[in-house]
Amino acid sequence: MENYAEDKVSKFYRNVGWETEGEDTEDAKRFEDLRENAREYVSKCRLRVLRHIPESGDNILDMASGPIQFKEYFEYSKQYKKRYCVDLSSKALDDAKRKIGDHGVFLCGSFFDLDLEKDFFDCSISLHTIYHIDKDKQEEAVRKLINVTKPGKPVIIVYSNPHAIMNYIALPLRTLKKVVKWLIRRKKKTEFELYFSPHSNSWWKRFEDVADVQILPWRSFASSHQKSIFPNNKFGKKMLDILFKMEDRFPKVFAGVFQYPMIILTKKV
């Protein structure tokens, strides 16, 4: 089915993803490390995006913005006149509108169906989104992001590396979990899961015809691995402080063999 991936994503966020318990969404509880020892580290990782966003402009595109759920995300558009938030979830956009009001333009629906002007945005961002798009349509999505962004300006994508070292270390456990989930799913038909299919880092070279491609580290570990490796205490916080410095010092290594690379596609003039 052509829209299988998009349908799965839409159902997940329509039914459970943006449900909140206290201050945290279900999305954050599943996919983020919310522990106290990781608070500063994950905040600094989110702010890495800000390093590559032009300091000022008229319009910034946030593709799959969700409800703009973390405080660091607000920083991305502070120097812009308008933040265009695109999302499949009307609930997420309603929450985003309550947060940024007239600063935002809110577009609900599939990114593929939206009629956006070429060379319109001074910057485009897409965080943890492209790998949830059908594997065969991801190139189309990225090329559309580049198309609607101005020449000389960046498209910034936080992605996932399928060849991250922890994926191989954790392979036996991950296989077991898949079997358990399959058994549970046979009894429970209401479980909602996301489509997930990332390409390798080398895949991004295909955009060199229209953009300068740079791959940098965003964060090294998936939250489940991060929680297993770094204890929730002062020692764990110190370990994460060192990790952040190492990521900045050796960007090629950490982008190449760890979990979350940040892709900066600067559109050619």
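Remark: the chain carries a charge dipole of roughly 1000 debye about the Cα centre, counting +1 on each Lys and Arg Cβ and -1 on each Asp and Glu Cβ. Which pairs break 25 Å Cα to Cα here: Lys44/Lys135; Lys144/Lys205; Lys135/Lys245; Lys153/Lys252? Correct reply: Lys44/Lys135; Lys135/Lys245.
If each residue's Cβ is checked for other Cβ atoms within 10 Å, how do Ile215, Ile68 rank with the fewest at the top? Walk me through the numbers before you get to the answer.
On the way: Ile215 21, Ile68 24.
By the 10 Å Cβ count, ascending: Ile215, Ile68.
Between Glu21, Glu36, Glu247, the GNM of the chain built on Cα springs shorter than 10 angstrom shows Glu21 fluctuating the most.
Based on other C-beta atoms within 10 Å, arrange Ile229, Ile156, Ile242 from fewest to most.
Working: Ile229 14, Ile156 26, Ile242 10.
Exposure proxy ranking, most exposed first: Ile242, Ile229, Ile156.
Fewest-first ordering of Cys45, Cys108 by other beta carbons within 10 Å of each residue's beta carbon gives Cys108, Cys45. The loop-placed trypsin sites (Lys or Arg not before Pro) in the range 86-173, going by DSSP, that have at most 12 neighbouring Cβ atoms within 10 Å of their Cβ come out as Lys118.
Computed across the range 4-267, the Kirkwood radius stands at 19.2 Å (inverse of mean 1/r, all Cα pairs).
Counted residue by residue at 0.36 nm each, then reduced by the alpha carbon distance between them, the extension gain from Phe196 to Asn3 reaches 68.1 nm.
Coordinate-derived values only; no laboratory data. Quick caveat: nothing in here was measured; it's all calculated off a predicted structure. Please note: Cβ atoms are built from the backbone with ideal geometry, for glycine as well, and neighbour counts cover all protein chains shown.
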